[in-house]
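A short worksheet on the structure shown next.
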């Protein structure tokens with residue numbers, strides 16, 4: 001399957017998953033197909049991305065950037081723009097644990113992609129901490145272990161967020177960043193998160209929300225037993241600021257892509273796809289006349305963009 005078609009099917013699947021506010025998940029063969037589309041797209045990302053290139057939409061907040069710079073001086077000087085790191089920092093910042101308290105604690109990231117976010121967190125946490133990343137994409141996991149894995153200290157496994165391959169009460173902290181909007185069954189993911197967390201363990205959840213998906217999230221927070229939701233913050237403004245910095249002319253994101261050797265048409269299509277995938281529509285970017293022409297000619301599919309209304313950070317604690 002070509003990249004434009006794969007991305008088009010992936011986008012249509014996202015619209016289906018996020019269009020319903022009811023607690024009736026997509027199941028069976030349709031769920032398997034949607035997950036297959038997700039895995040295919042993230043396999044392509046794992047093969048085609050540069051180091052520090054593809055993590056998430058990111059965010060930009062001057063205070064958060066300053067806090068990271070204090071802990072890791074010069075962290076934006078090489079191979080990263082620092083925008084994706086801010087989301088990971090925020091995921092742990094609003095958990096009531098200091099970074100020094102993670103020694104001997106176990107952290108699971110569900111939806112880790114190529115693993116760079118969890119690798120970044122490993123630099124902030126105590127040496128005794130144990131970090132595990134899980135992703136649906138086999139190639140993302142293979143790349144993560146090959147380039148970042150460090151034995152029991154930091155390892156990556158392939159698996160499904162709705163059927164986590166771990167024993168119960170195994171982790172102190174579970175983070176989930178810009179991933180759950182691809183899950184056909186959000187309730188089952190939260191139930192699995194509760195299962196693998198230790199009593200008193202924390203769940204940090206950061207994601208995009210359509211109106212309907214946020215209605216579902218609100219209902220699940222109210223109705224699901226076993227999780228006490230202690231924090232919610234709308235970070236849409238910070239995320240839009242991060243996207244605009246990332247997509248600005250001369251940015252690290254633009255420069256790393258400019259270095260790739262691609263035919264002109266392939267470059268234009270890939271550049272457009274990257275803009276869409278990394279939140280350009282949410283930040284107000286519009287299709288160029290050239291992209292509109294390619295759609296008219298049938299070179300690009302007429303896919304619907306996910307109608308994201310907000311980007312939110314939630315924290316919960318397992319109560320039993």
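Details
- Degrees between helix 186-196 axis and first principal axis of the chain (Cα, 0 to 90, nearest 10): 40
- Computed FRET value (nearest 0.05) for residue 169 with residue 63, which takes r as the C-beta separation and R₀ as 35 Å: 0.50
- Listed values [x] 129; [y] 119; [z] 180, entry calculated as volume of the Cα convex hull per residue in Å³: [x]
- Potential extension, residue 188-residue 76 segment - 0.36 nm per residue separation minus Cα distance: 36.6 nm
- Full extension of the chain between residue 218 and residue 12 yields a length gain of 71.8 nm, computed as 0.36 nm times the residue separation minus the alpha carbon distance.
- Packing-based ranking of 10-22, 281-293, 166-178, 258-270 yields 166-178, 10-22, 281-293, 258-270, ordered from highest to lowest mean Cβ neighbour count within 10 Å.
- Each residue, residue 101 and residue 150, gets one label point 7 Å from its Cα in the Cβ direction; the gap between the two is 2.3 nm.
- Packing rank of 106-118, 137-149, 204-216, 62-74, where each peptide gets the mean count of other beta carbons within 10 Å, highest leading: 106-118, 204-216, 137-149, 62-74
- Helix axis angle, 264-277 relative to the chain longest principal axis, alpha carbon, degrees: 40
- Residues 78, 89 arranged by fewest to most Cβ contacts within 10 Å: 78, 89
- Inter-label distance for residue 258 and residue 198, nm, one decimal - labels placed 7 Å from Cα along Cα-to-Cβ: 4.9
- Efficiency of FRET between residue 288 and residue 33 - r from beta-carbon atoms, R0 30 angstrom, step 0.05: 0.45
- Among 249-255, 39-45, the order from most to least packed when residues are scored by Cβ within 10 Å on average: 39-45, 249-255
- Gyration tensor verdict on the stretch 34-142 (Cα atoms; rounded if a/c is under 1.5, prolate if a/b is larger than b/c, oblate otherwise): oblate
- Per-residue ellipticity at 222 nm from helix content only, as computed over the chain with -39500 (n - 2.57) for each DSSP H run of at least four residues, stands at -13500 deg cm²/dmol.
- The modelled label-to-label distance between residue 299 and residue 19, using points 7 Å beyond Cα along the C-beta direction, is 2.9 nm.
- For the chain, the antiparallel share of DSSP beta bridges with both residues in that region comes to about 45%.
Coordinate-derived values only; no laboratory data. In this text the structure is predicted, and so the values were computed from the model without any measurement. Counting neighbours? That spans all protein chains shown, and the Cβs are built from the backbone with ideal geometry, glycine included.
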